[in-house]
Amino acid sequence: MGNLGMPELMMIMFLALLLFGPKKLPEIGKQVGKALGEFKRASNDLKRSIQDEMDKAQAGLDSISNDPPKPEPKPEPPALAPAAGAVAQQKAAEPAPSSTPTTPS
């Protein structure tokens, strides 16, 4: 679609005047103006909210890129309990207590 010049606009106005009449035309113009104003307001709100979200995302990325990476703490492995066989071997390797008391000299 090209640009509308003055002759095209005059023709559209003349057809609107013939179709709707002189009494209805101001009412229709008012309604169209309100609708266009509401559309413009909604469009600006949408643009503003998108821009705000983009600014927040950019600020988040800037704060992440400025901080040095922090190493994650490594979890310690759980302590292993000795197996039942190892406990028995450990007790067997220990010297048995003597039944005779020893007196220090």
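Each reported figure results from applying straightforward, stated rules to the coordinates on display, with no laboratory input. Since the model is a prediction, treat every value here as computed from it, not as a measurement.
Some notes on this structure:
- Counted residue by residue at 0.36 nm each, then reduced by the alpha carbon distance between them, the extension gain from GLN31 to SER49 reaches 3.8 nm.
- Compactness of region 25-65 was expressed as the Cα radius of gyration divided by 2.2 N^0.38 Å, which yields 1.98.
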